[in-house]
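A short worksheet on the structure shown next.
The values are calculated or read from the model by the stated rules, or taken from the named source; none is laboratory data. Model, not experiment: these values are computed from the prediction. Every residue, glycine among them, receives a Cβ derived from its backbone with ideal geometry; neighbour counts consider all protein chains shown. Note: areas computed on protein heavy atoms with side chains; ligands, DNA, RNA excluded. Shrake-Rupley method; radii C 1.70, N 1.55, O 1.52, S 1.80 Å.
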Amino acid sequence: MPCSELYYQVCAIAEVAGFLWQRGWAERNGGNISVCVTDCISSSYKDRNPLKTVALPLTHPLTTIIGEYYYVTGTNRRMRDVAVNPMGNGAIIRVCKDGKSYDIIADEVIMPTSELVSHLEMHDFEQSNGRKQIKAVCHTHPTQLVALSHNPEMLKPDVMTRLLWSMIPETRVIVPHGIGIVPYRQPGTIELAAATIEQLAGHDVVLWEKHGCLAVGEDILETFDAIDTLAKSADIYLDCCTAGFKPQGIAPDMLEGLVELFHLN
Ligand code: 2HA
Ligand code: ZN
């Protein structure tokens, strides 16, 4: 690894990949991660010739992230393998000047995740909307959140956000903009990416109906924390249901002011 900051970033990705596997949210090749590493790779690394250049199936070119570098998990790779060998199960890519292709520059030719288009569109969207601090995208399959998405009632606007906020105060604070819902779409498609971007504009995490969820954050740990906190609330709700009662939930007025109080937003 050429520089310590990149090493630190890749270690954090490996740590989160392990969490996703341990949580049971990453069966076989389920889930994918991308993190912008432009600020932490050395110039000698940046100037590397491409090992391979690949076209992106986009309807319009990327604009804001041209020339940026990303670590991305590999297609068909297991999260549990990313956890122990991130550079052997992912690659560093650079978005080409045309905004329609990318170079794989390190360490070897590992083809990126099938959701790469979604990830890059999201990075491009966040950067072009002035959210320059957003560097990481994480997609995973949290069992309890996917389970809730099988209930059509939960897919109505704000229903799941309000329910999950009301389970524990932390959820109101750590996920202050709540969870957006995207109706079922074919995985890996531009339609899924577009619908996700629409929901990301107003939410911290997006739930893909009957599939999984996606979070963006300043670093990969932040994306994990948001999903993990929502999953904790979903566990509490489902545990109460299993025990035979509907949880009372914290009243909305008791949740007011929490975000300001904890200064996390
Ligand atoms: O990377 O989870 O949605 C495999 C997936 C696709
Ligand atoms: Zn998935």
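Among E121, E126, E27, which is the only one that is within 16 Å of ligand 2 (Cβ to nearest atom) and crowded, with 19+ Cβ neighbours inside 10 Å?
So the residue among E121, E126, E27 that is within 16 Å of ligand 2 (Cβ to nearest atom) and crowded, with 19+ Cβ neighbours inside 10 Å is E121.
Checking the structure you have, find out if any residue of region 34-43 is surrounded by 15 or more Cβ atoms within 10 Å (Cβ to Cβ), within 27 Å of G212 (Cα to Cα), within 16 Å of ligand 2 (Cβ to nearest atom) and under 21 Å from the mean Cα position of the chain (by Cα). Give the steps one after another, and end with the answer.
As a first pass, look at region 34-43 and keep what is surrounded by 15 or more Cβ atoms within 10 Å (Cβ to Cβ): 34-37, 40-41.
Narrowing the set further to residues that are within 27 Å of G212 (Cα to Cα) leaves 34-37.
Filter once more, keeping what is within 16 Å of ligand 2 (Cβ to nearest atom): 34.
Still in the running and under 21 Å from the mean Cα position of the chain (by Cα): 34.
Yes, that holds for at least one residue.
One line per residue, one yes/no per condition, for (1) under 25 Å from T189 (Cα atoms); (2) assigned to a loop (DSSP other than H, G, I, E, B); (3) open to solvent by 10 Å² or more (accessible area, probe 1.4 Å):
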site	(1), (2), (3)
Q9	no, no, yes
P50	no, yes, yes
T53	yes, no, yes
L62	yes, yes, no
A83	no, no, yes
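Give the residue, chosen from K210, K246, K232, that is open to solvent by 40 Å² or more (accessible area, probe 1.4 Å), of a type in the set (K, R) and assigned to a helix (DSSP H, G or I).
K232
Looking at region 139-162, which of its residues are open to solvent by 30 Å² or more (accessible area, probe 1.4 Å), in contact (Cβ under 8 Å) with a residue 60 or more places away in the chain and part of a helix (DSSP H, G or I)?
Matches in region 139-162: T143, A147, R162.
If I ask for residues that are part of a loop (DSSP other than H, G, I, E, B) and under 20 Å from the mean Cα position of the chain (by Cα), which ones from region 64-78 would you list?
Scanning region 64-78 gives T64, I65, E68, T75, N76, R77, R78.
When you scan region 163-202, how many residues do you find that are open to solvent by 40 Å² or more (accessible area, probe 1.4 Å), assigned to a loop (DSSP other than H, G, I, E, B) and more than 14 Å from ligand 1 (Cβ to nearest atom)?
Here the count works out to 4.
Quickly run through region 59-81 and pick out the residues that are closer than 24 Å to G130 by Cβ and either in contact with a strand residue (DSSP E or B) (Cβ under 9 Å, 6 or more places away or on another chain) or of a type in the set (D, E, K, R) (or both). Before the answer, list the steps.
Step one: of region 59-81, the residues closer than 24 Å to G130 by Cβ are 59-72.
Those that are closer than 24 Å to G130 by Cβ and either in contact with a strand residue (DSSP E or B) (Cβ under 9 Å, 6 or more places away or on another chain) or of a type in the set (D, E, K, R) (or both): L62, I65, I66, G67, E68, Y69, Y70, Y71, V72.
Checking the conditions here, which among E153, E170, E126, E108 is assigned by TED's automatic domain parsing to the domain that holds C11, charged (D, E, K, R) and under 25 Å from D228 (Cβ atoms)? Break it down into steps so the answer makes sense when it comes.
Details: E153 fails: assigned by TED's automatic domain parsing to the domain that holds C11; E170 fails: assigned by TED's automatic domain parsing to the domain that holds C11; E108 fails: under 25 Å from D228 (Cβ atoms).
The match here is E126.
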